[in-house]
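The values are calculated or read from the model by the stated rules, or taken from the named source; none is laboratory data. These figures come from a predicted structure and were not determined experimentally. Because the Cβ atoms are built from the backbone with ideal geometry, glycine has one as well, and the counts that use them run over all protein chains shown. When the accessible area is computed, the model is the full protein with side chains, heavy atoms only, and any ligands, DNA or RNA have been set aside. Shrake-Rupley method; radii C 1.70, N 1.55, O 1.52, S 1.80 Å.
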Amino acid sequence: MNKLQNYINGQWVASAATDYWNVVNPASQEVMALVPAGTAADVDAAVKSSETAFATWKRIPAGKRIQYLFKLKHLLEENIDELSKTITLESGKTFVEAKAEWVRAIENVENACGIPALMQGDFSEDIATGIDEYMIRQPLGVCACIAPFNFPGMITFWFLPYAIACGNTYIIKPSEKVPLTMAKVMELVDRLDLPAGVINMVHGGKTIVDGILDHPGIKAISFVGSSAIARYVYSRGAANGKRVQAQGGAKNPVIVLPDADIDMTSQIVIDSVYGCAGQRCLAASTIITVGDHAAITESLVEGAKKRTTGFGLDESVLMGPVITPESKTRIQGLIEKGIGEGGKVLVDGRNAKIPGYEKGNFIQPTIIEGLPLNGELARTEIFGPVMSLVHINTIDDAIAYVNGNKYGNMACVFTSSGLHARKFRNEADAGNIGINIGVAAPVAQFPFSGWKESFFGDLHGQGKHAVEFFTQTKVVIERWLKEWTRKF
Ligand code: NAD
């Protein structure tokens, strides 16, 4: 069985760990590899290599640093099919979904190639007589990323390209559930001829995360995962004096107004709820209809029933399994809880059996209607293919419900009225807003702007926020007097 190794200082090295965990295909339960339950010693080795590399990497001009990113972009594009297949095998999402993930990752590499302009400073001449003042941006040092399971490729790229283009060195900690994708990416990184130690990868779980949070050599941490761990990472990292951005969980509401185009709305909402088996931090979770709801309900039920579930490499399949048997049990338990709270199951995806994949963690699309708005299911992140359908009478009450949500990752509205859309955009308490859009995922130039319990920190991933996060400003005030200048 393939035992995964860490990538440190430009070399593949065995982890100091003695324990290993299985990396499992969620559609078949086949064990594909063993991932080390890394140790603090692994983190220390990666930090040492990153610190040494930083001393020279930060002095390489930004215009030269980005040449490695151009090369990486081409390698990612050349290998996109294999990288996507790896994502499907270890995470369960379909090949098409996996490929879409790489398109978004590559977009961030392209955006970070603009760093020479993006990290420019500011200059004011004559802030007083003979005195100029200017601000330059400098890298921080060793930075690290801790990633979740649901986007094994893309999420690391919300941070990594910006970090290294700005002159930092980097340590990647992939999710222990899906470590094979980043291992493949590191094989490509190994072909870049980057100076050793600029990009490192360590495998593991909580022990590695704690090692990163406590290591004095690490200056900044980007985390993406559930809210409880995001809060923990943010608090412990900040207490240790680090810069931290921690993106957390979500429970995304979508309002459907009576003037929305039913067919388009239904199709987009179905894609949002069931794409990646609902395991997307921007998956629509609660669909709130305003006013008459018979037609949209019928259309959503029909759409959910048509969503083919199965093995993600099978071309006819639109939805794969959830990540682990524990996830499946947890999600089915939440559906039961919803029924106990008075919810009516319009489409029941529990106990799905997929021929040829009987052991897979499959749940088919599910719709529950009429949950109490203050019940547990209406408030809990399900992270599975379950739609809660809620009927509310007015747009004001619907927005009030959206704003009562403890999460603020995304909120969407479907309408043909610009006025209603504008009201929603202005009043909804969420950081990523969709107007007739089901997955309001910002492109690379914009910050991934979660609010409330969906984000702990100040500066988000991607775009200009990433440039600010990965640089520190230095302000210089300079005086040059005529009297000091020798005449020649
Ligand atoms: P998770 O919080 O379980 O794990 C995320 C990372 O934290 C992993 O690398 C894991 O090894 C580590 N970790 C797990 N438990 C830990 C602990 N006790 N102490 C320290 N580290 C620990 O999340 P997940 O299940 O991998 O991912 C799903 C979650 O991520 C969902 O809540 C989803 O909404 C969220 N997510 C959010 C965004 C966003 O942009 N806001 C994007 C993707 C996923």
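Which of the numbered conditions does Lys173 fail, given that it passes all the others? Conditions: (1) crowded, with 24+ Cβ neighbours inside 10 Å; (2) away from the ligand (no atom under 13 Å from the Cβ); (3) of a type in the set (Lys, Arg).
Single failed check for Lys173: (2).
Scan segment 232-253 for residues that are more than 20 Å from the chain's Cα centre (by Cα) and of a type outside the set (S, T, N, Q) and jot them down. Give the derivation first.
Within segment 232-253, the subset more than 20 Å from the chain's Cα centre (by Cα) is 236, 238-242.
Once the filter is applied, which keeps residues that are more than 20 Å from the chain's Cα centre (by Cα) and of a type outside the set (S, T, N, Q), segment 232-253 yields Arg236, Ala238, Ala239, Gly241, Lys242.
Being within 23 Å of the chain's Cα centre (by Cα) and more than 22 Å from Val185 (Cα to Cα) is the filter here; which residues of segment 2-41 pass it?
Ala27
Quick grid of which residues meet (1) buried (at least 23 other Cβ atoms within 10 Å of the Cβ); (2) more than 16 Å from the ligand (Cβ to nearest atom); (3) of a type in the set (Asp, Glu); (4) not assigned by TED's automatic domain parsing to the domain that holds Ala220:
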site: Asp396; (1), (2), (3), (4): no, yes, yes, yes
site: Leu419; (1), (2), (3), (4): no, yes, no, yes
site: Phe470; (1), (2), (3), (4): yes, yes, no, no
site: Thr485; (1), (2), (3), (4): no, yes, no, yes
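If you check Leu282 against the conditions, is it surrounded by fewer than 21 Cβ atoms within 10 Å (Cβ to Cβ), of a type in the set (A, V, I, L, M, F, W, C) and part of a loop (DSSP other than H, G, I, E, B)?
Working: surrounded by fewer than 21 Cβ atoms within 10 Å (Cβ to Cβ): no; of a type in the set (A, V, I, L, M, F, W, C): yes; part of a loop (DSSP other than H, G, I, E, B): yes.
Spelling it out, it is not the case that Leu282 is surrounded by fewer than 21 Cβ atoms within 10 Å (Cβ to Cβ), of a type in the set (A, V, I, L, M, F, W, C) and part of a loop (DSSP other than H, G, I, E, B).
So is Met201 open to solvent by 10 Å² or more (accessible area, probe 1.4 Å), more than 9 Å from the ligand (Cβ to nearest atom) and not β-branched (Val, Ile, Thr) or not?
Numbers: open to solvent by 10 Å² or more (accessible area, probe 1.4 Å): no; more than 9 Å from the ligand (Cβ to nearest atom): yes; not β-branched (Val, Ile, Thr): yes.
No; evaluated as a whole, the condition is false for this residue.
Using beta carbons and a limit of 9 Å, which pairs, at least six apart or on different chains, have the first residue in segment 225-251 and within 12 Å of the ligand (Cβ to nearest atom) and the second one in a loop (DSSP other than H, G, I, E, B) and open to solvent by 60 Å² or more (accessible area, probe 1.4 Å)?
These pairs meet every condition: Ser227/Lys406; Gln245/Asp458; Lys251/Lys406.
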